[in-house]
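Report on one structure; see the data block that follows.
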Amino acid sequence: MTADTSPTVRRRRLASELRRMRTESGLSMQEAADRLGFAAASISRIETGSRGLRVRDLKAFLDLYEVPEEEREALTVLAREAQKRGWWTSYGDVLPGGHATLIGLEAEATSIRGYEQTLVPGLLQTADYARAVIEAVRPGGTPEEVERLVAVRMERQRRLVGDGPLDLSVILGEGVLRQHVGTALTTAGQLRHLAEANRRPNVVVRVLPYRAGAHPAMAGSFSVVGFDDEDPDVVHLENTDGGLYLETSADITKYADMFDRLGAAALSPEDSVAMLLDASANLT
């Protein structure tokens with residue numbers, strides 16, 4: 001998946017445009033629904049991007065909002081692209097919808113800034129570490145399901161290499177280093193992998209040591225998924241089912257500021273590598 005073909009982001013962009021056009025038309029959601037023959041709840045889902053819009057239905061929206069002819073072709077192309085299937089849809093039998101949304105956002109993001117309190121983020125996990133995590137959080141999963149989810153995690157990591165790689169900046173609570181996942185060798189290998197990843201030009205891994213004391217993210221992990229100027233950033237709060245997505249400017253500002261404050265208290269990348277390697281050596 002290249003960095004400019006995510007149907008998730010295309011759907012989100014189309015949703016934003018439809019919401020803007022309705023507002024500029026002076027129509028309430030209920031008024032638009034009545035005129036279009038949709039339920040108001042359906043309009044809401046379309047405008048938040050949780051439901052797609054068929055190209056043949058888009059014309060009715062554009063007619064209602066009196067969209068100029070010169071703008072229609074671009075919106076039609078956007079609607080077509082939003083209907084495409086990302087590579088991750090072939091894993092729909094094992095992948096929760098919330099995780100699929102995150103992968104779709106990652107596919108077109110330009111940057112991710114995140115804090116992790118307990119586990120290594122999926123974009124930096126080794127296969128062995130990922131397997132141990134998945135087996136722990138999905139105890140009823142079959143070996144085949146576990147391996148398919150490991151494959152998804154490894155495929156996601158392709159965004160960190162190649163042309164136009166994702167810029168990834170991660171702050172790890174020291175508890176991530178102390179949390180054993182799988183065997184001691186698995187955890188040690190993962191910590192070495194983090195140290196090596198930190199030497200890539202587009203990856204920064206820092207550790208927030210226990211001695212930093214209380215901090216603003218003690219309630220849990222988060223990430224700020226960044227895009228270019230055309231699309232607003234998104235905050236992702238992860239949970240077992242995929243997570244919660246926040247998109248208001250106030251939320252984005254709040255979590256971006258939180259990340260900066262954590263960064264001010266975290267170790268430098270060089271000192272973080274030293275701590276990661278030391279923790280790995282103590283496991284072997």
Report task. List, in order, the whole-Hz ³J(HN,Hα) value for each residue of the range 252-264 obtained from phi through the Karplus relation with A = 6.51, B = -1.76, C = 1.60 and θ = phi - 60°; use x for Gly and Pro. Result -> 4, 4, 4, 6, 5, 5, 4, 4, 4, 5, 5, x, 5
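Carbon and sulfur: what percent of the chain's accessible surface (1.4 Å probe)?
Summing carbon and sulfur atoms, their accessible area is 50 percent of the total for the chain.
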Report summary line: Taking every DSSP bridge whose two residues both lie in the chain, the antiparallel percent to the nearest 5 is 50
Query raised in the report: In deg cm²/dmol, rounded to 500, what helix-only [θ] at 222 nm does the chain give when every DSSP H run of at least 4 residues adds -39500 (n - 2.57) and the total is split over its residues?
Result: -16000 deg cm²/dmol
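Just to confirm a number: summing +1 for Lys and Arg and -1 for Asp and Glu over residues other than A39 whose beta-carbon lies under 14 angstrom from that of A39, what do you get? It would help to have the intermediate numbers written out before the result.
Working: positive: R35, R45, R51; negative: E31, D34, E47, D57.
Net charge around A39: -1.
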Requested in this report: Please get the size of the charge dipole for the range 14-139, origin at its Cα centre, with Cβ charges of +1 on Lys and Arg and -1 on Asp and Glu, quoted in debye to the nearest 20.
Outcome: 360
Requested in this report: Could you tell me what percent of the DSSP beta bridges with both partners in the range 105-241 are antiparallel, to the nearest 5?
Outcome: 40
Report summary line: Total charge of the residues flanking E155 in space, meaning their Cβ is under 11 Å from its Cβ, with Lys and Arg +1 and Asp and Glu -1, is +4
Requested in this report: Compute the long axis of helix 269-281 from its Cα atoms, compare it with the longest principal axis of the Cα atoms of the chain, and write down the angle in degrees, 0 to 90, nearest 10.
Outcome: 60
Query raised in the report: So what is the accessible area of the chain per residue, in Å², with the probe set to 1.4 Å?
Result: 49
Requested in this report: List the relative contact order of the range 20-165 as a percent without decimals, with contacts defined as Cα pairs under 8 Å and 6+ residues apart.
Outcome: 17
Query - Listed residues D128, D229, D57, most fluctuating in the chain (Gaussian network, C-alpha, under 10 Å) - result: D229
Query - Extension reserve of the R56-K254 stretch, reckoned as 0.36 nm per residue once the Cα distance is removed - result: 67.3 nm
**Report entry** For the chain, built as a Gaussian network whose Cα springs stay under 10 Å, the top-fluctuating residue of D163, D257, D233
**Finding:** D163
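With Cβ to Cβ distances under 11 Å as the rule, what net charge do the other residues near E24 carry (K, R +1; D, E -1)?
So the environment of E24 carries a net charge of +1.
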Query raised in the report: Taking the Cα atoms only, what angle lies between the long axis of helix 55-64 and the longest principal axis of the chain, rounded to 10 degrees?
Result: 60
Query raised in the report: Which angle from 0 to 90°, rounded to the nearest 10, does the C-alpha axis of helix 69-82 make with the longest principal axis of the chain?
Result: 40
**Report entry** Residue with peak Gaussian network fluctuation, the chain [Cα springs, cutoff 10 Å], from D231, D251, D63
**Finding:** D63
Query raised in the report: Once you mark the GluC sites (Glu not before Pro) that are in a DSSP loop and have at most 11 other Cβ atoms within 10 Å, what is the longest gap between them in the chain?
Result: 67-229
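The values are calculated or read from the model by the stated rules, or taken from the named source; none is laboratory data. What you see is a predicted model, and the numbers here were worked out from it, not measured in a lab. A quick note on method: Cβ atoms are made from the backbone with ideal geometry, for glycine too, and the neighbour counts reach across all protein chains shown. All accessible areas refer to the heavy atoms of the entire protein, side chains included, with ligands and DNA or RNA removed. Shrake-Rupley method; radii C 1.70, N 1.55, O 1.52, S 1.80 Å.
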